[in-house]
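Heads up: the structure comes next, in C-alpha cells.
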Amino acid sequence: MPIRFAAQHVDLTFPKEQLSGTIWNGLVALDGDHVLQWQVDEGASLRGLAIVIDWTLTGRGSDIDGRAALRPRKATLGPINGDLDWTAIRSLMPDLPIGCDITASLNAVEVQIGANDRKGAGNITTTAGECARIGSIDTPTPAPAMIVALGTSQDGAEAVLTTQADRATPLLTARLTGADRVVLTIHRAGAALVPGLPDSADSELDLPLSALLP
C-alpha cells in the first residue's frame with residue numbers, strides 16, 4: 001500500500017507530499033534536510049511472529065538507527081543508537097517553542113510497552129550549549145552537558161535527566177505508567193535551566209500519553 005494513500009486519514013505535522021514509498025518500505029523528507037526511512041525486516045518478522053521495522057534518521061548533524069517490533073498487545077522500540085541534532089528535533093516537533101544548539105548521542109536506548117508493562121533501558125548524553133525561546137530577545141540560557149538515564153521503576157518506564165558533572169541532582173524525571181499516563185516532574189535545578197519557567201519549587205505534570213501523540 002502506498003504510504004501517501006495510507007496517510008490520507010492521519011493528521012500529520014508535515015505535508016503528505018514529503019512521503020514516498022509504501023507502508024513496508026518508505027521515507028519521509030523532513031525540514032532541515034533530514035530523511036526518516038523505514039523498511040520491514042521480513043525474515044525477523046517471521047521468526048519473531050511480529051512486524052519488525054528497521055529505521056534510520058539522517059541529515060544535518062544527525063545519524064541514528066533503530067528497530068521497532070510490533071506484536072499484539074506489545075511493542076518494543078529499540079535499541080536506538082547514534083547522534084541527533086536539535087534541528088532534527090525541530091523537524092519532528094515544529095511547534096516546539098524552545099531552540100537549542102546541542103547534539104544528543106543515544107546509546108542502546110530501548111522502550112518496551114506491554115499490556116500493563118512499561119520498561120526502559122539505555123542512556124542519552126548531550127553536549128553543552130545554549131537554549132532560548134523561539135522569537136525571544138532574551139539572552140539564551142546556558143545548557144550544561146547532560147545525561148538521560150532510562151530504566152524501569154515500580155510505576156513503569158522512567159527517565160531521569162541530570163548534568164554529566166552532577167548525576168546525583170535530578171533536573172527532570174519522566175515516567176510512563178502502565179495506565180499510559182506520562183508523569184513529568186520538573187525539579188528546581190531543572191527549571192532554572194529552562195527560559196521562562198519558575199524555579200521556586202518542584203512542579204509535576206500528569207497527562208495521558210495520547211495528549212503527546214500527533
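Each value in this text was obtained by applying a stated rule to the coordinates, not by laboratory testing. Predicted model only: the values in this text are computed from it and were never measured. All Cβ positions, glycine included, derive from the backbone under ideal geometry; neighbour counts span all protein chains shown.
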Kirkwood Rh and Cα Rg combined as Rg over Rh, evaluated for the chain:
0.97
Estimated D of the range 1-72 in µm² per second, where Rh is the Kirkwood radius over Cα pairs and Stokes-Einstein applies at 20 °C, 1.002 mPa s:
163 µm²/s
Net +/- balance of residues flanking Ile80 in space, Cβ distance below 14 Å, scoring K and R +1, D and E -1:
-4
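Please give the charge dipole size of the chain, origin at the Cα centre, charges +1 on K and R Cβ atoms and -1 on D and E Cβ atoms. Round to the nearest 20 debye.
For this selection, approximately 600 debye.
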With a 10 Å Cβ neighbour count serving as the proxy for reagent exposure, in which order, fewest first, do Glu42, Glu158 appear?
Glu42, Glu158
When the charge dipole of the range 1-72 is computed with +1 on Lys and Arg Cβ and -1 on Asp and Glu Cβ about the Cα centre, the Cα farthest towards its positive end, among Ala69, Leu36, Leu57, belongs to Ala69
Share of antiparallel DSSP beta bridges in the chain, in percent to the nearest 5?
100 percent
Answer with one residue from Ile134, Trp86, Leu209: the one whose Cα lies farthest towards the positive end of the charge dipole of the chain, charges on Cβ with Lys, Arg +1 and Asp, Glu -1.
Leu209
